[in-house]
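Asks: Supplied in structure tokens, the structure appears directly below.
Computed from the coordinates by the stated procedures, all read-outs in this text should not be read as laboratory data. All values reported here derive from a predicted model rather than from experimental measurement. In this analysis, Cβ positions are derived from the backbone assuming ideal geometry, glycine residues included, and neighbour counts consider all displayed protein chains.
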Amino acid sequence: MKKNIIIVLLVLLVPIFAYMILSANSGNESMSVNAKTAKPQIIKFTSAMCLDCQTMNKIMKEVYPQYQDKIALTEIQVQDNKPSTQEWIKKYDVTLVPTIILMNSSGQQVRRIEGAVDKNVFEGYLKALK
């Protein structure tokens, strides 16, 4: 009987702890989107529990540093239950993660990437962003 209770508790608690650890390690990058910036922008909707998001995070860490002076980056963790996060999700009609919105310096959306893309493809998108 005690074994069954322990097994049930482990089955219920292990995923909760894993989620909490992954959420804490996902990084809390800026949540504010630079509204009228002179630079192009990347708005990245991501989640700590998403494998494609982890793939895109690795690609971003490799590629983005070359462009950080030219392109502003905002990362939004979709699992946050903050009202501002929900507003951005609705505003950009995000239904899956990762979703990456590329905006030109005028604030117009020029590309929408849903899911993971190849590193070279992503870098090409950033090169074309003005």
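Asks: How large is ³J(HN,Hα) for each residue in the stretch 55-67, as worked out from phi by the Karplus curve 6.51 cos²θ - 1.76 cosθ + 1.60 (θ = phi - 60°), to whole Hz, x for Gly and Pro?
Replies: Coupling constants for the stretch 55-67: 4, 5, 4, 4, 5, 4, 5, 7, 8, 4, x, 5, 10 Hz.
Asks: Here's something else I'd like to know. Could you pull out every one of the aspartates and glutamates with an alpha carbon less than 12 Å from that of LYS58, ignoring same-chain neighbours closer than 8 positions?
Replies: ASP118
Asks: Treat each spin label as a single point 7 Å out from the Cα along the C-beta direction, and report the ILE16 to GLN68 distance in nm.
Replies: Using points 7 Å along Cα→Cβ, the separation is 3.7 nm.
Asks: Which of the aspartates and glutamates could a cross-linker span from LYS82 if the Cα-Cα distance has to be under 19 Å and same-chain partners fewer than 8 positions apart are dropped?
Replies: Once the sequence-local aspartates and glutamates are set aside, what remains near LYS82 is GLU29, ASP93.
Asks: Let me ask something additional. On full extension of the chain, what length is gained from THR95 through LYS127, given 0.36 nm per residue of separation minus the C-alpha to C-alpha distance?
Replies: 8.9 nm
Asks: Lysines near LYS61 by alpha-carbon distance under 18 Å, same-chain residues fewer than 8 away left out - which ones?
Replies: LYS44, LYS70, LYS119, LYS127
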